[in-house]
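This report concerns only the one structure given below.
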Ligand code: AMP
Ligand code: MN
Ligand code: MN
Ligand code: MN
């Protein structure tokens with residue numbers, strides 16, 4: 001049986017809706033054999049996922065999706081096969097977690113000015129120990145009938161430039177890459193087409209990313225069209241980067257994205273897993 005990879009997904013540790021165990025079991029049902037759990041700015045789901053993966057017979061690569069800022073742009077960097085116990089990584093993540101909490105307070109303040117009160121208390125309570133993300137705010141806005149969908153929550157309040165948007169300096173790109181590398185992991189630029197960068201900005205980014213030690217880009221995601229894969233594969237080729245594939249699964253309620261439901265990596269692209277001791 002060939003391996004089936006999914007190297008990007010989320011659990012309740014950040015903005016997914018399934019526990020790490022449920023993620024593993026769902027991946028198993030979908031015949032995934034190699035999975036990376038990559039929650040936003042936290043590794044708190046990894047221990048549980050490891051245990052569930054052992055039982056399910058899935059090869060789990062400990063992962064993370066780090067929030068970074070490069071030239072005023074927010075970029076997501078996946079760390080694959082990281083060591084969650086690495087102290088440099090832990091210190092870096094802790095800083096991001098503080099930023100997330102401060103940003104949540106500021107978002108809530110902006111919502112209050114729009115006559116939407118109580119978001120911070122409701123969200124910190126609902127999130128518990130999970131990372132607080134804008135997805136939690138979107139849930140809150142839908143639950144309290146301020147909007148009818150996540151999309152509307154982002155379009156009206158949470159998206160860049162909207163009334164409750166708070167811009168933030170996440171980790172420096174270079175720092176995030178070195179935390180990943182120094183913990184034994186491989187740094188992957190997540191969903192390269194989602195940043196809406198022009199061709200010349202993508203070029204600048206991929207050159208910088210590679211110089212800083214980045215090794216791969218996501219060529220296939222759960223929502224990639226054929227054309228998206230062609231474009232991303234060309235980036236991988238042109239800048240001599242390996243390719244990763246990951247669904248970015250968050251929740252079974254999003255029927256468009258499923259664990260393991262991914263187009264294959266184009267045959268001439270070096271798979272990122274060739275750089276990892278599986
Ligand atoms: P954050 O990292 O807290 O800024 O939150 C970003 C998360 O919000 C992403 O990982 C997505 O899961 C979600 N997200 C971003 N944009 C949208 C959107 N337009 N609609 C729905 N979810 C979104
Ligand atoms: Mn997310
Ligand atoms: Mn992302
Ligand atoms: Mn993600």
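No lab work stands behind these numbers, since they all come straight from the coordinates. Predicted, not measured: the structure shown is a model, and the values here were computed from it. Backbone-built Cβ (ideal geometry, glycine too); neighbour counts: all protein chains shown.
At a glance:
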{"read-out": "Least to most buried among 212, 1, 131 (fewest other Cβ within 10 Å first)", "value": "1, 212, 131"}
{"read-out": "Efficiency of FRET from Cβ geometry, residue 155 and residue 114, R₀ 22 Å, rounded to 0.05", "value": "0.95"}
{"read-out": "Share, in percent, of DSSP beta bridges within the chain that are antiparallel, nearest 5", "value": "40"}
{"read-out": "Per-residue Cβ neighbour rank within 10 angstrom, fewest leading, 168, 202", "value": "168, 202"}
{"read-out": "Estimated FRET transfer efficiency when R0 is 30 angstrom, pair residue 142-residue 72 (beta carbons, to 0.05)", "value": "0.50"}
{"read-out": "Principal-axis tilt of helix 199-211 within the chain, Cα atoms, nearest 10 degrees", "value": "70"}
{"read-out": "Diffusion coefficient, µm² s⁻¹, Stokes-Einstein with Kirkwood Rh over alpha-carbon pairs of segment 53-126 at 4 °C and 1.567 mPa s", "value": "85"}
{"read-out": "Which of 231, 177 has the fewest Cβ neighbours within 10 Å, and the rest in rising order", "value": "231, 177"}
{"read-out": "Cα-based shape type of segment 1-147, given that a ≥ b ≥ c are square roots of the gyration tensor eigenvalues and the cut on a/c is 1.5", "value": "prolate"}
{"read-out": "Mean residue ellipticity (222 nm) of the chain, computed from DSSP H runs ≥ 4 via -39,500 (n - 2.57), nearest 500", "value": "-12000 deg cm²/dmol"}
{"read-out": "Net length gained if the chain between residue 174 and residue 194 were fully extended (0.36 nm per residue, minus Cα distance)", "value": "5.2 nm"}
{"read-out": "On Cα atoms only, tilt of 20-29 relative to the major axis of the chain in degrees", "value": "50"}
{"read-out": "The chain: angle of helix 134-143 to the longest principal axis, Cα-based, in degrees nearest 10", "value": "50"}
{"read-out": "Part-to-part distance (alpha-carbon centres) for segment 183-202 and segment 57-112, which is given in Å", "value": "15"}
{"read-out": "Cα pair distances exceeding 30 angstrom across the chain, given as percent", "value": "27"}
{"read-out": "Cα-based shape type of segment 94-221, given that a ≥ b ≥ c are square roots of the gyration tensor eigenvalues and the cut on a/c is 1.5", "value": "prolate"}
{"read-out": "Choice from 138, 176, 13 with maximal GNM fluctuation in the chain (Cα, 10 Å cutoff)", "value": "138"}
{"read-out": "Value of Rg to Rh for segment 1-80 (Rh from inverse mean 1/r over Cα pairs, i.e. Kirkwood)", "value": "1.02"}
{"read-out": "Hydrodynamic radius by Kirkwood, which averages 1/r over all alpha carbon pairs of segment 93-158, in angstrom", "value": "11.9"}
